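The values are calculated or read from the model by the stated rules, or taken from the named source; none is laboratory data. On a predicted model such as this, the values are computed, not experimentally measured, just so you know. Remember, those area values only see protein heavy atoms, side chains included, never the ligands or the DNA or RNA. Shrake-Rupley method; radii C 1.70, N 1.55, O 1.52, S 1.80 Å.
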Amino acid sequence: MGTHRKQIISYLQQTNGGISSWEAIQMFRCTRLAARIADLKDEGYRIETTMETSELTGKRFARYFLLGEK
């Protein structure tokens, strides 16, 4: 498992707040969160995607939540 995938799954296991692309960039310098989430899903993790809207900019973004382990 790659470093970013390990960091992301560990973070999702420890928090109920999920993770967004911006948070992944800030915390792990991971600029391809959607691709890493797809990798984790392929490995058997159950991850839900929700779309949210930024209160500051009005732009929509994805937030990912871990629903279950492999």
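A few remarks follow.
- Taking a straight Cα-Cα cut-off under 18 Å and skipping sequence neighbours fewer than 8 places away in the same chain, the lysines within cross-link reach of Lys70 are Lys6, Lys41.
- Degrees, to the nearest 10: 33-42 long Cα axis against longest axis of the chain: 30
- Acute angle (nearest 10 degrees) that the helix 3-14 long axis makes with the longest principal axis of the chain, alpha-carbon atoms: 80
- Expressed as a whole percent, the accessible surface of segment 10-64 that belongs to carbon and sulfur atoms is 46, based on a 1.4 Å probe.
- Per residue accessible area of the chain, 1.4 Å probe, in Å²: 67
- Structure-derived P(r) over Cα pairs in 5 Å bins from 0, in percent: which label, when the choices are (1) 4, 19, 35, 31, 11, 0; (2) 3, 17, 31, 26, 14, 6, 2, 0; (3) 3, 14, 26, 26, 20, 9, 1: (2)
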